[in-house]
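The values are calculated or read from the model by the stated rules, or taken from the named source; none is laboratory data. Just so we're clear, the structure is a prediction, and the values are computed from it rather than from any experiment. Cβ: placed from backbone, ideal geometry, glycine included. Neighbour counts: every protein chain shown.
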Amino acid sequence: MSRKRIRDSLHKPLAWNQREYDYIIIGGGSSGAVVANRLSEDPNVSVLLLEAGSDDDDTPEIAVPIAASMTQRTDVDWKFKTTPQANTANRTHFWPRGKVLGGSSSINWMVYVRGNKEDYNRMAQLGCDGWSYDEVLPYFKKSENRMGLKKSNHYHGAGGPLSVSTFDPSDSYAIPANLISRTWIKGATEVGIPYNSDYNGAEQLGASYFQTSTAGGLRFNTSRAFIKPILGRKNLTVRTHSVVLRILFQNKTAVGVSFMDTHPNNERFTYCISAKREVIVSAGAVQSPQILMVSGIGPADELRKLRIPIRGNLPGVGQNLQDHILVPLVSECKSPVTLDQALVETVMNAAKYVLFKRGPFTSQSLEAQAFLCTKEGLDRPDIQLHFVCAGANNDLIQSNLNHETTNYTGIQYGFTTLPTLLHPKSTGKISLRSSDPLEHPIIDPSYLSHPDDMESLVAGMKIARKIHNSEALRKYHKREAYDQEAAENNNIESDEYWKETIRKSVVTVYHPVGTCKMGNDEMSVVDSRCRVIGFKHLRVVDCSIFPEVQSGNTNAPAIMAGGKTSDMTK
């Protein structure tokens, strides 16, 4: 079948003989794409993958690393917003989530971070049997194709679907790192942060070059890695523009789903499709709990208020929401050595990229990072420093960080460190606005509601400033971009200055987890095999199942979870 015919089939109306499948997967994102790939390996089972958004090939910029944030606030983004947050200057926060094949792996910044070993050992201690580090490591390796690695080693995989590259100059397959990124690594070591060549290996702590889900100058989202290579499988049906309305039940057994065809060229039509074996919900930490709740599974009191028939009282659905947040520290650079210059020289660099897949457009601007413990006695890092080899005045950075209160105008060339809170003690929730499955749910992350979160971020900001003022960066560092209002109200060396800056500038790193958490307590939603508690033939697998947010970016854990759950489902 030609590529065009395959792409056209993604939104072709289902025929009458396509109304029953063994497995129905809701959501073609970071986990759902993996599940569809793995389950359809068996030619004797039929698999239907439903994605609410479009085909990622319809948006070519998704594949271009430097365009990482340019797809946000577009048609391939759900464009969620939080409630006003009392502890962040009453701001409403923009929450991008992918509405496209590949899900949020299509609109994120492509960094490949698995998390800390203790993240998974703690899961096992919390009642998630089978999810310790040693038990999940094989699934990280199975999915990975580490560029330049001919044979899998103890920590990394070779030959998996997901290509992973690095900016580390010592790697023969490295993406060329910007000069300012290499200098930032030197600055970090000068202030006492040890260099770590592989944060996904034996040790996570230290300063490192980022590993990214890219290869050959292209983004490897889960669509490119797990779906496009297998679209020829006759037992797999992939449908885009298919918005799931509800899960269908017979008593406590999931038997199918209803979904609406929303493709602009098709007549709006609602399908009811049967699942002979299982329904697997992989709609993400925002929409997986929403789908469960509109289907009658969730906190009974809330469902009654909205006159939703109660199928199962699971009070933990939508609760336990955790998210990483960050604050930018921006410095003006004395010379045009940052990625800002690539945007000035757009025509030349675009030609280099189109013709050869080389040049600065192969970078998504996040090239270096560090994992830190800001206090004694921690068994895993509490702060991650993301380093962006650009300032915050251009659209690439400004739109992504969603700055609405801090003004960075006047900085033509800059570099930015983003202290990120890894383990917030503040937790929020996802709740329904109405019984309408098409209406966005209420998102309340309750940012900075616990005082320890502010304390950790202040410590992270101080360390970031030390790096910017290090001997290595001195030849490039011109000035720090202060929050003028906060500086007028406080001494810029004081904790109060940092606290005001954080309240005004903190934003999401879009890593929500926990809203259908795994475990064995009264707030658990799924068991250790990702089965919805109290129901048959119904699972949830995505970042919503993790009881705690990982020590790092969450795309790799979502992919791992998809692979592990597939084996438990077969």
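Side notes on the structure shown:
- Flag for TYR209 being surrounded by fewer than 18 Cβ atoms within 10 Å (Cβ to Cβ) and at negative phi: no
- GLY296 meets each of the listed conditions (1) surrounded by 23 or more Cβ atoms within 10 Å (Cβ to Cβ); (2) of a type in the set (Gly, Ala, Ser); (3) more than 30 Å from ARG182 (Cβ to Cβ) apart from (1).
- Test result for ALA33, within 22 Å of LYS228 (Cα to Cα), of a type in the set (A, V, I, L, M), touching a helix residue (DSSP H, G or I) at 6+ places or on another chain (Cβ under 6 Å) and not assigned by TED's automatic domain parsing to the domain that holds ASP453: yes
- Looking at segment 467-570, the helices (runs of 4 or more DSSP H) lying wholly inside it that each contain 2 or more residues that are buried (at least 16 other Cβ atoms within 10 Å of the Cβ) sit at 495-505, 555-569.
- Only helices (runs of 4 or more DSSP H) whose full extent lies in segment 230-348 are considered here, and the ones with at least 1 residues that are in the same structural domain as ILE24 (by TED's automatic domain parsing) and of a type in the set (Val, Ile, Thr) are 284-294.
- Considering segment 419-436, the residues that are within 23 Å of the chain's Cα centre (by Cα) and part of a loop (DSSP other than H, G, I, E, B) include one that is surrounded by the fewest Cβ atoms within 10 Å (Cβ to Cβ), namely LYS425.
- Among the residues making up segment 264-276, those that are in contact (Cβ under 8 Å) with a residue 60 or more places away in the chain and either among the basic types (Lys, Arg) or buried (at least 17 other Cβ atoms within 10 Å of the Cβ) (or both) are TYR271, ILE273, ALA275, LYS276.
- Test: residue in segment 449-457 that is out of contact with any helix residue (DSSP H, G or I) (no Cβ under 8 Å at 6 or more places or on another chain), touching a residue at least 40 places away in the same chain (Cβ under 8 Å) and within 22 Å of VAL337 (Cα to Cα): no
- Any hit, segment 341-355, residues being within 25 Å of the chain's Cα centre (by Cα) and closer than 17 Å to TRP184 by Cβ: no
- Matching residues in segment 373-396 - criterion: being modelled with pLDDT under 90 and touching a Pro at 6+ places or on another chain (Cβ under 8 Å): ALA392
- With respect to the conditions (1) surrounded by fewer than 18 Cβ atoms within 10 Å (Cβ to Cβ); (2) within 30 Å of THR374 (Cα to Cα); (3) touching a helix residue (DSSP H, G or I) at 6+ places or on another chain (Cβ under 8 Å), LEU218 lacks only one, and its number is (2).
- Here SER434, SER446 are screened, and the one residue that is over 24 Å from TYR510 (Cβ atoms) and either of a type in the set (A, V, I, L, M, F, W, C) or modelled with pLDDT of 95 or more (or both) is SER434.
- Some residue of segment 360-372 being modelled with pLDDT of 95 or more, farther than 30 Å from GLU455 by Cα and not small (Gly, Ala, Ser): yes
- Scanning segment 72-120 for residues that are closer than 16 Å to ALA283 by Cβ, in a loop (DSSP other than H, G, I, E, B), among the hydrophobic types (A, V, I, L, M, F, W, C) and in contact (Cβ under 8 Å) with a residue 40 or more places away in the chain turns up TRP78, LEU101, ILE107.
- Selection over segment 155-205 of residues that are in contact (Cβ under 8 Å) with a residue 60 or more places away in the chain, closer than 27 Å to TYR353 by Cβ and of a type in the set (Val, Ile, Thr) gives a count of 4.
- Screening ARG97, ARG91, ARG122 for residues that are over 27 Å from ALA52 (Cα atoms) and at pLDDT 95 or above leaves exactly one candidate, ARG122.
- Residue pairs meeting the criteria (Cβ under 9 Å; at least 6 apart or on separate chains; first free of Cβ contacts under 8 Å to residues at least 60 places away in the same chain, in segment 473-490; second surrounded by fewer than 12 Cβ atoms within 10 Å (Cβ to Cβ) and of a type in the set (D, E, K, R)): none
- Within segment 138-176, tally of residues that are hydroxyl-bearing (Ser, Thr, Tyr) and in a loop (DSSP other than H, G, I, E, B): 5
- Subset of segment 216-247 that is closer than 30 Å to SER365 by Cα and charged (D, E, K, R) - its residue that is nearest to the chain's Cα centre (by Cα): ARG219
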